[in-house]
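Structure first, commentary second.
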Amino acid sequence: MPRISTKKTGTETVKAKKTTATKVNTEVKVRKPRVKKVKADAKTFTDDGMFFEAKCIVFRIPNDNGGTNILKEFAGPVTIGKNKIGKMTKMADGNWAEITDIITNEQHLTFVINPIA
């Protein structure tokens with residue numbers, strides 16, 4: 001049920017320029033319900049200034065169809081340096097890839113990688 005506020009002003013006379021007196025009546029305002037704030041998903045990593053500490057890391061390989069995500073979960077938190085952009089990493093299948101971007105505005109810490117053939 002919406003909240004209702006009543007304004008009891010009574011009857012007052014108000015003088016306007018070159019017009020007669022105007023009466024103000026009681027008004028009833030209906031307020032709209034408040035919009036509840038939605039909490040963002042809790043992030044699985046923390047930013048310690050020079051390092052990231054994460055339990056889950058997503059490796060995103062972009063392609064024409066949007067890309068594929070590889071989720072890597074660890075038993076405990078892992079510390080990762082912020083200077084990884086432009087560095088090489090070896091994937092689980094033995095191929096090398098270059099880290100091109102780090103995305104921190106998602107739930108998991110996301111590394112965008114470009115495989116090198």
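The values are calculated or read from the model by the stated rules, or taken from the named source; none is laboratory data. All figures in this text were calculated on a predicted structure; none of them were measured in a lab. Methodologically, a virtual Cβ is constructed for each residue, glycine included, from the backbone with ideal geometry; neighbour enumeration extends over all protein chains shown.
Worth pointing out:
- Against the criterion of being small (Gly, Ala, Ser), in contact (Cβ under 8 Å) with a residue 40 or more places away in the chain and either surrounded by 10 or more Cβ atoms within 10 Å (Cβ to Cβ) or touching a strand residue (DSSP E or B) at 6+ places or on another chain (Cβ under 8 Å) (or both), Ala42 does not qualify.
- Ile99 vs. criteria surrounded by 11 or more Cβ atoms within 10 Å (Cβ to Cβ) and either at pLDDT below 90 or in contact with a Leu (Cβ under 7 Å, 6 or more places away or on another chain) (or both): no
- Taking residues in segment 57-68 that are exposed (fewer than 13 other Cβ atoms within 10 Å of the Cβ), and partners anywhere that are of a type outside the set (A, V, I, L, M, F, W, C) and not in a strand (DSSP E or B), the pairs with Cβ atoms closer than 9 Å and at least 6 places apart or on different chains are Thr68/Pro62.
- Matching residues in segment 78-100 - criterion: being aliphatic (A, V, I, L, M) and in a loop (DSSP other than H, G, I, E, B): Ile85, Met91, Ala92
- Residue match in segment 83-92 (condition: farther than 12 Å from Ile57 by Cα, under 22 Å from the mean Cα position of the chain (by Cα) and not basic (Lys, Arg)): no
- From Gly81, Gly76, Gly49, Gly67, residue being within 13 Å of Pro115 (Cα to Cα) and of a type in the set (Gly, Ala, Ser): Gly67
- Exactly one residue among Ala75, Ala54 is surrounded by 11 or more Cβ atoms within 10 Å (Cβ to Cβ) and either in a strand (DSSP E or B) or in contact with a strand residue (DSSP E or B) (Cβ under 6 Å, 6 or more places away or on another chain) (or both), and that residue is Ala54.
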